[in-house]
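Working notes, structure below.
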Amino acid sequence: DPKQPFPDPSKKTLVILGAGWGATSILRTVDSSLYNVVVVSPRNYFLFTSLLPSTATGSVHSRSIVQPIRYLLRHKSHFVRFYEAECSDIDKDGKTVEIRRKTSDGQEFVQQINYDYLVCSVGAETQTFGIPGIEEHGCFMKEMWDAQKIRTRIMKCLEQAQFKDLDPETRRRYVHFVVVGGGPTGMEFAGEMADFINADLKSWYPELANDFSVTLIEALPSVLPMFSSKLREYTKSLFAKTNINIRTQTALKKVTSDSIIVEVTDPEVWAGGNRPRPLIKNLIESLNEQTNRRGLIVDDYMQVNGMPDVFALGDCTSTAYAPTAQVASQQGAFLGQLFNKLGSLDFEKPRVDRHIAIGEELDSAALISLANEKHASTKVFRPFKYSHQGSLAYVGHEKAIADLNVPFLDKQIHASGYLAFFFWRSAYLSELYSLRNRTNVLLDWIRTSLFGRDISSL
Ligand code: FAD
Ligand code: NAD
């Protein structure tokens with residue numbers, strides 16, 4: 001009811017930072033009648049990251065894989081407040097967060113929000129390891145604007161390569177694409193890039209047809225470590241056929257405007273991955289309980305060590321799980337249910353125990369242990385348990401690889417090639433956020449196969 005006061009003083013306030021995989025999964029699950037729910041995120045949309053490499057080459061349109069966060073909030077039973085802003089500080093003692101928003105003319109608005117429960121689902125940044133030149137000359141593959149930048153850069157390079165009287169060596173440089181990192185992001189992008197070259201660019205730029213090349217460099221001895229060795233070998237041989245040159249044990253050391261410097265590496269030295277955002281980095285540095293620089297340490301209920309009533313999930317945490325959408329969304333669903341139970345303890349008093357109901361002043365950890373103690377046989381709150389469904393990646397040439405867990409057979413299935421590609425497409429179509437997303441992506445795939453990708457340098 002829009003006439004209801006917000007925040008309703010009889011309810012606790014749940015503040016959620018982020019609008020990605022983890023945050024949207026909580027929002028889908030949490031009962032918005034139990035809390036004043038406030039969401040803060042610098043972007044007002046959910047990004048389906050799994051298809052981001054496809055948008056960088058134009059196989060899929062960028063707007064097809066995003067969904068405004070207000071779409072989700074509009075479908076909740078009770079009003080949820082959204083602020084497009086960045087959380088810049090968390091005061092755990094005062095139980096407030098500081099949020100900031102810059103307008104296009106440089107004005108900055110700063111506000112505080114009080115919370116009873118806080119969830120950090122702010123994701124992570126791309127790890128650069130301080131490599132010189134990477135920020136200025138390289139392109140990341142993390143956000144929608146990164147994919148758009150890559151696409152424009154590719155087309156600008158192609159037009160530059162066609163400039164009058166360029167010497168052959170310079171021309172070849174403009175159409176040599178180097179992908180750094182043999183994790184799934186790098187491999188999927190390399191596959192998409194090879195498709196773009198073979199299906200479209202060679203016919204639009206026939207003079208460059210023999211000059212195009214894609215090189216993927218990886219510091220470790222092997223690419224795609226999360227996949228079975230059989231699928232890794234399959235991908236390597238497929239890449240060799242499609243002229244993608246994989247160079248393992250080769251680490252990027254420096255990037256300049258027209259070259260990269262690499263070093264053949266000692267495998268032990270290397271460690272890849274995400275790096276925490278400044279907000280998370282500052283929290284880790286300020287708390288004695290936080291000893292891992294990779295992300296926030298949380299307990300089995302995703303409560304942040306050293307921060308009562310603060311929860312964290314997904315890529316901003318440091319857990320035993322890989323930083324994947326699969327993990328973040330399972331954690332989000334778990335937390336949504338946990339908040340529903342916590343909310344019921346507080347407000348539907350007879351439901352669990354009167355003794356717990358009067359414990360409204362207790363923090364989440366005390367409430368959880370009290371509820372579990374009182375109901376030892378049923379354990380109202382059970383710890384989070386991750387269930388790995390498998391790994392799936394597109395590797396180009398209408399082929400994919402899939403390591404799938406089949407729990408009822410208690411075994412893993414390894415699939416590759418066209419069949420895995422159709423599975424990959426159907427899985428991603430079904431996982432997309434809305435019917436609008438699904439329709440758009442399906443139409444994009446049909447459009448690409450009928451007319452090819454657009455080559456405007458927009
Ligand atoms: P995110 O989804 O990154 O969301 C973080 C949110 O926090 C964003 O809305 C951001 O705007 C917001 N935010 C940032 N800073 C602040 C702040 N200061 N205050 C408030 N909000 C903030 N995983 C898979 O399992 N399968 C895949 O196929 C897959 N494909 C991927 C492809 C690519 C190209 C990439 C980059 C990743 C892929 N991943 C995949 C990994 C997956 O995207 C991440 O693990 C997942 O996004 C983590 O979810 P999250 O909620 O922790 O963070
Ligand atoms: P990643 O951490 O999986 O891989 C990055 C790779 O880059 C590492 O192998 C690292 O050794 C290498 N690397 C880093 N710096 C380098 C340098 N200077 N020179 C050479 N090599 C360098 O990162 P990602 O691929 O972006 O994936 C991030 C997370 O998202 C992972 O957990 C991944 O599983 C998940 N993801 C999953 C899918 C999928 O399931 N299809 C797709 C994309 C991402």
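The values are calculated or read from the model by the stated rules, or taken from the named source; none is laboratory data. Only a predicted model underlies this, so the values are computations on that prediction, with no experimental measurement involved. In this analysis, Cβ positions are derived from the backbone assuming ideal geometry, glycine residues included, and neighbour counts consider all displayed protein chains. Protein only, heavy atoms only, side chains kept; ligands, DNA and RNA dropped before computing areas. Shrake-Rupley method; radii C 1.70, N 1.55, O 1.52, S 1.80 Å.
Odds and ends about this structure:
- Cβ charges +1 (Lys, Arg) and -1 (Asp, Glu), total dipole of the chain, debye: 1040 debye
- Rounded to 5, the percent of DSSP beta bridges in the chain classed as antiparallel: 55 percent
- Helical contribution to [θ] at 222 nm, DSSP H n ≥ 4, -39,500 (n - 2.57), averaged over the chain, rounded to 500: -10000 deg cm²/dmol
- Of the residues HIS397, SER364, LEU345, the one whose Cα sits farthest towards the positive end of the charge dipole of the chain is HIS397 (charges of +1 on Lys and Arg Cβ, -1 on Asp and Glu Cβ, taken about the Cα centre).
- Surface composition of the chain: carbon and sulfur make up 52 percent of the accessible area, probe 1.4 Å.
- Summing Lys and Arg as +1 and Asp and Glu as -1 over all other residues whose Cβ lies under 12 Å from the Cβ of ALA23 gives a net charge of +1.
- Virtual paramagnetic centre 7 Å along Cα→Cβ of PHE6, amide N under 13 Å, in region 77-93: 77-84
- Database remark: amide H of TYR35 closer than 5 angstrom to no amide H (H placed geometrically; neighbours at sequence offset of 5 or more, or on other chains; Pro and chain starts carry no H).
- Distance from the alpha carbon centroid of region 106-168 to that of region 190-246 works out to 23 angstrom.
- Annotation: amide H of ILE246 within the under-5 Å range of LEU216, sequence separation 5 or more or interchain, hydrogens built in the peptide plane.
- Once C-alpha pairs closer than 8 Å and six or more residues apart are averaged by separation and normalised to the residue number of the chain, the relative contact order reads 18 percent.
- Cβ-based net charge around ASN305, under 11 Å, with every Lys or Arg adding one and every Asp or Glu removing one: -2
- At the residue level, LYS411 shows approximately 120 square angstrom of accessible surface with a 1.4 angstrom probe and all protein chains present.
- Heavy-atom accessible area per residue - the chain, 1.4 Å, Å²: 50 Å²
- Extreme residue, positive dipole direction of the chain, given options ASN245, PHE423, VAL179 (C-beta unit charges): PHE423
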